[in-house]
Structure formats: structure tokens, C-alpha cells
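Taking it in order: structure first as C-alpha cells, then the write-up.
The values are calculated or read from the model by the stated rules, or taken from the named source; none is laboratory data. Just so you know, these numbers come straight off a predicted model, no measurement behind them. Here the Cβ positions follow ideal geometry from the backbone for every residue, glycine too, while neighbour counts run over all protein chains shown. SASA here: full protein model, heavy atoms, side chains in, ligands and nucleic acids out. Shrake-Rupley method; radii C 1.70, N 1.55, O 1.52, S 1.80 Å.
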Amino acid sequence: MPVTDCPEEIQASVAKVKEMVRSCIQCGTCSASCPNAEFMDITPRQMWRMVLTDRLDLLFASRSFTMCSSCYWCTLRCPRGLELTRAMGELKQIGARLKLGNSKKSDLFYRLFLDNVRQYGRVREVELMGRYFLGMRNPMAPLSYAPLGISLLKKGKIKPELPGRGPGKLADLFEAVQHQEGI
Amino acid sequence: MKSYLYYPGCSLKGTAKEYDISVTALMTSLGADLLEIDDWTCCGATAAQAVDSGIGLALGARNLALAEKNSRPDPEKEPLDILVPCSACYLNLKTAQFDLEKDKAKREGINQVLSKENLSVQTHLKVRHLLDVLSLDVDWKKGLPFSNPLEGIKVAPYYGCQCLRPFTVFDNPESPHSMDEMIQAAGAQVLDWDMGAQCCGASNATTKPDVGQYLVGKILDNAKDAHCIVTVCPMCQMNLETYQDKAHPVPVLYLPQFLGLAMGIARDRLGLELNLSENVQLTGG
Ligand code: SF4
Ligand code: SF4
């Protein structure tokens with residue numbers, strides 16, 4: 001998939017990432033520092049090379065960038081001082097917008113998380129997890145989280161609440177930002 | 001001790017209640033006042049960065065603006081610092097502060113957005129992690145009231161990622177030691193290990209359990225010679241406490257819970273019964 005075939009806003013985001021990693025010298029410090037590298041089929045260093053050489057087809061055929069847990073080791077150690085964790089964040093945003101399907105679970109989770117914040121201002125965990133399970137369309141999914149959920153409920157750390165209606169506490173803020181971003 | 005503006009963040013009001021409870025108890029015992037920021041909202045956690053960085057910045061900016069609004073309860077005195085116990089919240093607020101300070105156009109854009117709520121942000125307050133405040137504003141050598149020293153207890157200090165990186169403020173992110181002095185002041189020993197600054201998997205534990213559990217397992221197995229792990233991040237604490245079945249089980253306490261125990265603060269004022277590693281027993285002395 002050449003960049004030029006992507007919608008304009010995606011091209012702009014890709015250009016942003018390209019600018020962020022422009023001075024990469026391919027030393028591999030980022031890959032060597034990444035705690036999640038062994039779960040990745042392409043390493044962070046390879047990702048930056050693919051960004052710089054317009055091989056988004058290769059980059060987005062992999063879900064490596066979705067493995068990033070934002071630990072900031074790469075950012076701390078990159079000898080060129082590149083903001084690599086942020087660049088990973090941008091790749092996650094592009095992946096989600098392209099609906100690539102290679103990071104469905106985290107895309108869904110993060111999107112629902114922000115919806116939750118838009119509605120209430122703060123996170124309501126029970127509703128968030130409920131919507132996450134519904135969205136995954138996997139009736140067995142909640143089971144693997146059930147023991148944790150039950151202990152949290154027992155301890156009164158989470159409480160079921162009725163889902164809210166209406167525009168939501170931060171709706172104006174979200175709308176104003178998206179308006180500025182031209183989304 | 002000084003007073004601080006307090007930003008608890010969502011998890012301290014929910015799944016990490018015991019962190020909120022114990023921070024408040026410890027800071028009060030140390031003589032500090034915490035003024036919770038009025039009407040604060042979520043900082044965006046790791047979600048904003050993965051969905052929409054503009055929203056992430058706006059969420060951070062809104063909270064900074066609210067903090068600035070009540071930062072000078074006494075106009076004669078210096079504005080207060082913002083105390084943030086959650087590492088993810090700390091990083092988000094600090095990043096927003098950093099970006100808005102650096103980029104005037106961004107700040108103008110955000111202030112336009114915030115003006116609907118009659119808010120604006122100037123970025124003059126200090127955003128500080130709990131560990132920063134405890135390690136720099138408290139003199140641990142000066143006979144603090146440790147009525148219940150935790151002698152014979154070996155502690156694995158676990159820092160996690162986002163209070164140390166990418167902003168290096170109060171400790172060395174490659175080899176952090178800011179908790180050592182406090183743990184020793186409490187009468188306990190520090191485990192010599194190199195997992196203190198490693199990553200717990202963050203939200204991978206929810207969305208990619210195999211990846212998350214692998215990292216948690218490594219940390220727990222390396223802490224097997226310790227009586228407990230002490231941490232300063234609700235995400236780390238939850239991940240380490242939740243996935244203990246496939247690794248060496250170790251109780252995981254929040255730093256203020258641990259220090260509070262040594263200071264003789266009652267268990268319920270430290271929220272210890274809320275930890276998932278039930279009945280954390282650490283008896284000293
Ligand atoms: S550490 Fe920096 S310079 Fe080295 S490969 Fe990674 S991005 Fe490039
Ligand atoms: S921030 Fe992401 S990519 Fe960088 S080292 Fe950590 S997990 Fe790897």
C-alpha cells in the first residue's frame with residue numbers, strides 16, 4: 001500500500017512519523033531495549049526503516065506496533081534523541097484509523113475508554129469492561145476476566161452504575177478539539 | 001511540610017482506592033495538606049495517545065488549567081506544586097505541560113478550546129510524582145516517627161516506567177534508587193535486583209494477556225527472595241497482583257502503605273484490606 005493511496009489525513013500522519021524518525025541511524029538501540037521485542041515479528045528499528053522508505057505495506061502487515069506498552073525505554077536511550085514512544089502512538093492511531101484489523105482488541109478498548117471519558121469525565125470501569133466484551137463479540141471473553149472482576153466488586157473497588165445518556169460531560173471539549181484538528 | 005494540589009486520577013477513585021487512602025494518610029502524618037483539584041477529569045491514560053493525541057493534550061491541559069485556578073489559596077505565598085501519585089497521570093500531565101510550554105501556537109489553540117469553560121492554561125505549576133515529593137521534600141534521616149520498624153523484612157522496590165521515563169527528574173531511570181532511603185528508614189532491607197525499572201506490560205495485560213503476563217512473570221520470579229514488592233503506580237500494582245498464579249506469588253504494596261505500616265498508622269487507614277493479595281502481613285520489630 002503506497003502512502004499516496006491512503007486518505008489525505010493518513011498521509012499527513014505518516015509524514016509526521018517520518019519527520020519524527022528522520023535522523024534514525026539504524027543503530028538498533030530501540031529494538032535491543034524493547035521489553036516486548038520478542039513478541040514482535042518486525043522490530044522497532046525495522047519499523048522506522050519502513051517508515052522512511054515508504055514501505056507501509058510491510059509495516060502494517062505486522063501488528064508489532066500494537067505491542068508497544070509505552071515503557072519509554074527506546075525514547076530514553078535513542079542516541080539521536082528521537083521521541084519513539086510517541087511515534088509508536090502515532091502508528092497506533094494510523095492503524096486504528098485504517099481499520100487494519102490487526103489490532104482490533106486494543107483499538108476497541110482504547111476507543112471505548114475515550115468514549116467513557118467523554119461521557120463521564122472520569123472512567124467508569126464496569127461500564128467500560130461491559131462494552132468491551134460486547135464489542136469483542138465473544139461471549140466467552142468475560143470469563144477470563146471474571147475472577148478479577150468478582151474480587152474487585154467484593155472489595156467495593158468497582159461499582160455497577162446505570163449507563164448515562166445525553167451529550168456527556170466533556171462532549172464540548174472533544175468536539176472543539178476535533179474541530180481544530182479538522183476531523 | 002508544604003501543601004500540595006492533589007490530582008488523584010480515575011484509578012485512585014476506583015480499582016486503586018487503597019492508594020488514594022494511603023497517600024492521604026501518609027501525607028497527613030507527614031504534616032502536608034492535600035487540596036484536591038476541583039472538578040478534575042481523566043488524564044487520557046494510555047488510550048488518548050493511541051486514538052487521538054489532540055484529545056490527550058486537551059485532557060491534560062484542562063486539568064492543568066483547573067489546578068492553576070486554585071493554585072494560590074494564599075496569594076502571599078508561592079503557587080503550590082501538583083502532587084500526582086499515578087505514574088500514567090503524572091506523565092500525561094507533565095507531557096501536556098511540556099508541549100504547551102514549548103509550542104505557543106498549540107497553547108493558543110488549547111486555550112481557545114478551554115475558553116468555553118472560562119479556563120486557560122499558562123503552564124507555570126510544577127507537576128510532581130508522589131515519589132519525587134517523598135524523596136526530595138522529606139528528610140528521611142531526621143528521626144521520622146517509625147514506631148513499628150519493619151526489621152527483617154526484605155523489600156523489592158518496583159518503580160515501573162512512567163515515573164522515571166522519559167522525563168528524568170528525581171532519579172536515574174537506568175538504575176533508580178530513590179526508594180532505598182525510605183525503605184531503610186522504615187527499618188527494612190532493600191532487595192538487590194535489576195527489575196525495578198522494567199515494564200509490567202501496562203494495558204497489554206488486558207488486551208494481549210500473553211505479552212503482559214510474560215513481563216509480570218519475569219518481575220515476580222525475580223522478586224522471589226523478597227517479602228513484598230513496593231510500588232508507586234496503580235497499573236503496575238494491579239498487573240503484578242492480578243497475574244500471580246503463573247509465577248512466584250509476592251504481596252504487592254503501595255509505597256505509602258508500606259511506610260504507613262512502619263509509622264504505626266492503622267491498617268484500615270492504609271486501605272490494606274483492599275489489596276488483592278489478601279491479608280498482607282508484614283510485622284516488624
Ligand atoms: S535507537 Fe534511535 S537511532 Fe537507533 S535505531 Fe532506534 S530510532 Fe534509530
Ligand atoms: S516504548 Fe514501546 S517500543 Fe519503546 S521500548 Fe517500550 S514497548 Fe518498546
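Would you be able to tell me the number of residues in the range A:14-37 that are more than 12 Å from ligand 1 (Cβ to nearest atom) and under 20 Å from B:I219 (Cα atoms)?
Restricting attention to the range A:14-37, the residues satisfying the condition of being more than 12 Å from ligand 1 (Cβ to nearest atom) are A:14-16, A:18-19, A:35-36.
From what is left, the residues that are under 20 Å from B:I219 (Cα atoms) are A:35-36.
The total comes to 2.
Of all residues in the range A:38-50, which are part of a helix (DSSP H, G or I) and either closer than 15 Å to A:L76 by Cα or within 10 Å of ligand 1 (Cβ to nearest atom) (or both)? Please lay out each step first, then the result.
Step one: list which residues in the range A:38-50 are part of a helix (DSSP H, G or I), which gives A:38-39, A:44-50.
Correct list: A:P44, A:R45, A:Q46, A:M47, A:W48, A:R49.
Would you pick out the residues in the range B:5-31 that are touching a residue at least 60 places away in the same chain (Cβ under 8 Å) and surrounded by fewer than 22 Cβ atoms within 10 Å (Cβ to Cβ)?
Of everything in the range B:5-31, those that are touching a residue at least 60 places away in the same chain (Cβ under 8 Å) and surrounded by fewer than 22 Cβ atoms within 10 Å (Cβ to Cβ) turn out to be B:K17, B:I21, B:A25, B:S29, B:L30.
From A:L84, A:L59, grab the single residue that is crowded, with 18+ Cβ neighbours inside 10 Å, within 16 Å of ligand 1 (Cβ to nearest atom) and more than 11 Å from chain B (Cβ to nearest Cβ). If you could, list the steps in order and put the result at the bottom.
Working: A:L84 fails: more than 11 Å from chain B (Cβ to nearest Cβ).
Just a single option satisfies the conditions, and that option is A:L59.
Of the conditions (1) open to solvent by 10 Å² or more (accessible area, probe 1.4 Å); (2) over 20 Å from B:G264 (Cβ atoms); (3) in contact with a Phe, Trp or Tyr (Cβ under 7 Å, 6 or more places away or on another chain); (4) in a loop (DSSP other than H, G, I, E, B), B:V169 fails just one. Which one is it?
(3)
For B:H129, all conditions in the list (1) open to solvent by 10 Å² or more (accessible area, probe 1.4 Å); (2) in contact with a Lys or Arg (Cβ under 9 Å, 6 or more places away or on another chain) hold save one; what is the number of the exception?
Every listed condition holds for B:H129 apart from (1).
In the range B:175-265, which helices (runs of 4 or more DSSP H) lie fully inside it and hold 1 or more residues that are of a type in the set (G, A, S)? Even if it seems obvious, please write down each step before you answer.
Working: elements: B:180-185, B:204-207, B:209-222, B:234-242, B:255-262.
Correct list: B:180-185, B:204-207, B:209-222, B:255-262.
Being of a type outside the set (D, E, K, R), at pLDDT 90 or above and not in a loop (DSSP other than H, G, I, E, B) narrows it down to one residue among A:L112, A:L82, A:L91; which is it?
Working: A:L112 fails: at pLDDT 90 or above; A:L82 fails: not in a loop (DSSP other than H, G, I, E, B).
The match here is A:L91.
Condition check: in a helix (DSSP H, G or I), surrounded by 16 or more Cβ atoms within 10 Å (Cβ to Cβ) and without any contact (Cβ under 8 Å) to a residue 60 or more places away in the chain. Does B:Q112 satisfy that? Show your work before the answer.
On the way: in a helix (DSSP H, G or I): yes; surrounded by 16 or more Cβ atoms within 10 Å (Cβ to Cβ): no; without any contact (Cβ under 8 Å) to a residue 60 or more places away in the chain: yes.
Against the criterion (in a helix (DSSP H, G or I), surrounded by 16 or more Cβ atoms within 10 Å (Cβ to Cβ) and without any contact (Cβ under 8 Å) to a residue 60 or more places away in the chain), B:Q112 does not qualify.
Anything in the range B:58-97 that is surrounded by 24 or more Cβ atoms within 10 Å (Cβ to Cβ) and free of Cβ contacts under 8 Å to residues at least 60 places away in the same chain? List them, or say none.
Within the range B:58-97, B:A58, B:L59, B:G60, B:R62, B:N63, B:N92, B:A96 qualify.
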